[in-house]
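Here is the structure we will look at.
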Amino acid sequence: MTRQTWFIVAYVCLTSAAICCSLTSSSAPLPRVRVESGELSGSIDHTAVTGRPLYAFLGIPYASPPVYKNRFKEPQPVKPWVGVWNATIPGSHCIGLDHAKFKVVGSEDCLYLNVYTPKLPQEGLIPGGLMNVIVYIHGGAFQFGAGIGYGPHYLLDSEDFVYVSINYRLGPLGFASTGDDVLPGNNGLKDQVAALKWIQRNIAAFGGNPGSVTIAGMSAGGASVHYHVLSPMSQGLFNRGIAESGSAFCNWAITENTIQKTKELAESLGCPTYYSKDTIKCLRSRPALAIANSLKNFLPWKYNPFSPFGPTVETIGTDRFLTDLPENLPAQDIPLLLSFTQEDGLYPAAELISQEETLVEMESKWNEILPFVLDYNNTISDESLRLEIAQKIKTFYFGNNTVSTKTKNEVVEMLSDRLFKEPVARAAKHLASINTSPVYFYEFGYRGKYSLSDKYSKTGPSQEFGVSHGDDTMYVIKTEYGDPHDNVEDAKLIPIMVKIWSSFAKTGVPDVGNSTVWSPVSKNPTDPLKLIKITQNQTLEPQEYLNPGNHIFWSTLPLTEFPGVNLPENIKHTEL
């Protein structure tokens, strides 16, 4: 059933005084909130540990559906609705190629957000003023995922925040670009900006303070946070940022050769590519399923490279999200909290090391496969240089050993360093060096009963693999890949992680309420990386890393990460 159909159902039921759905056995009325486009009817949810009641408003449109003529356009304003919008059901996932299922899921009509609040202002329940706001941006390599998969059911157990999770366009539908005014690119990130602007205009209706907003995200969500810190389009829309296991410096977080990929996408769907205007007109006539499914054409080995379409530098126009390479841009001077996990590369490594035949294939086809797994095939055009780099990496991480079940830890370390640890640490040092506001950092080193790597392991639970990418998130945000509250030891870590997030979202300084001194990252980029290590014993230990993510080694390789901003000669542009 579409969102529009649900709206009609909600309106008919409410105006006829019928009971559309039962939240509980109670006959308590549904919570109501009025926003700029009309009235919302929400539901009552409960936190995971104490069962604290929450007002939940799901599937709120923050932009018009990006369908038909709006496909490939920047997000368009929402039209006001008549009656009451049924905000008891989430909006659809944005259509994309799901990694774990390797099939297309979701809908093109997807620009919705979800708001949870413990208090509503019309009830007079906020005597101390409006509450701080946390906005969560989901991960998924910019190709898959949805905001509804990340709830505040731990965070709001004992803390007063208004929590928002958002959807944004993904894959080719969110990040294709013709490099001109026809399709500049970055629509997925511009969707996020539209959501942040909606929050500024409407969050007070839910008890939230638009002047105290923290944006947070993991993986592609963490990279998005960094991008918003850098983008002139996002200025003034938030006050603090939390970026877990992702930054704009990650090689997968900036797309090479976007224009050429968009051309290849069009050709695969039978569309002309000589004039961009004709290309996009044709792509608007193709089914969204076909466009999303075409992502498979850009994944030459399994789901690698895992971000074929993503952020790109916009070289034309006055209203650009990303005007230059991330390293060259000034940043908003706000407090930041960055992190990685101990074995961050378990996404995507869990899928690889859990299959012996995959490791054998990696060994036998190392030179062909590695440039895709580590996402440098498109940045190094010289085949002999790609071969040289592959061999240097093999020697550094494996020595004289082969890729096998005996060296799976080396596979994880290599992927952790290249994809996450080195670029996230580098981003933290860079941001600390150019701003006056503090940058804090932690490494998550606790492995509990559940892990994101379980979802991708081909042999079931992956306890032996380590602390995966995304494992820290589940102790603050309720995710779809595990509930640590059902394990006695894991449950003890939830209030610690919630305290780190909540204190930072209130003050810009992470505080765990004990004698631990959490020093910010040094403003001298040549100093060691100062951080807090969250250990397997659930202690918080100050550390200094001289060479995080083996930065020294990676800096010796000619891996110049930059997008292909020069237009191929066989693509012509038209002026609008």
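Quick notes
- Where labels lie 7 Å past Cα in the beta-carbon direction, separation of residue 546 and residue 50 in nm: 4.6 nm
- Taking a ≥ b ≥ c as the square roots of the eigenvalues of the Cα gyration tensor, segment 256-401 is classed as oblate, since a/c reaches at least 1.5 and a/b does not exceed b/c.
- FRET efficiency, residue 364 to residue 436 (Cβ-Cβ, R0 56 Å, nearest 0.05): 0.60
- Secondary structure note: in segment 340-555, about 55% of the DSSP beta bridges are antiparallel.
- Theoretical FRET efficiency, 1/(1+(r/R0)^6), r = Cβ-Cβ of residue 107 and residue 39, R0 25 Å, to 0.05: 0.55
- 19 Å cut-off, amide nitrogen to a point 7 angstrom out along residue 537 Cα→Cβ, residues in segment 470-493: 489-493
- Across every pair of non-identical alpha carbons in segment 340-555, the mean reciprocal distance, once inverted, gives a Kirkwood radius of 18.6 Å.
- Normalising the average separation of contacting C-alpha pairs (under 8 angstrom, six or more residues apart) by the number of residues puts the relative contact order of segment 101-221 at 37 percent.
- The Rg/Rh ratio for the chain is 0.96, where Rg is the radius of gyration of the alpha carbons and Rh is the Kirkwood radius.
- By the combined test of axial Cα extent (at least 20 Å) and Kyte-Doolittle hydropathy (mean at least 0.0), the qualifying DSSP H helices of the chain come to 488-507.
- Ordering of 318-331, 141-154 by packing [mean C-beta count within 10 Å, highest first]: 141-154, 318-331
- Antiparallel beta bridges, as assigned by DSSP with both residues in the chain, represent about 45 percent of the total such bridges.
- Between residue 160 and residue 458, residue separation times 0.36 nm minus the direct Cα-Cα distance comes to 103.3 nm.
- Over 31 Å between alpha carbons, listed pairs 101/263; 263/455; 421/449; 119/533: 263/455; 119/533
- Taking label points 7 Å from Cα along the Cα-to-Cβ direction, residue 323 and residue 296 give a separation of 4.2 nm.
- As a length-normalised measure over Cα pairs under 8 Å and 6 or more apart, the relative contact order of segment 32-334 settles at 19 percent.
- The chain, relative contact order in percent, only Cα pairs under 8 angstrom and at least six apart counted: 14 percent
- Förster radius 56 Å - calculated FRET efficiency between residue 405 and residue 278 (Cβ-Cβ, nearest 0.05): 0.60
- Given their separation in residues at 0.36 nm each and the Cα-Cα distance between them, residue 511 and residue 392 gain 38.7 nm when the chain is fully extended.
- Amide H contacts under 5 Å for residue 521: 439, 440, 441, restricted to partners 5 or more places along the chain or on a different chain, H placed in the peptide plane at 1.01 Å from N.
Laboratory data are not the source of any read-out in this text; all were calculated from the coordinates shown. Quantities reported herein were computed from a predicted structural model and do not represent experimental measurements. All Cβ positions, glycine included, derive from the backbone under ideal geometry; neighbour counts span all protein chains shown.
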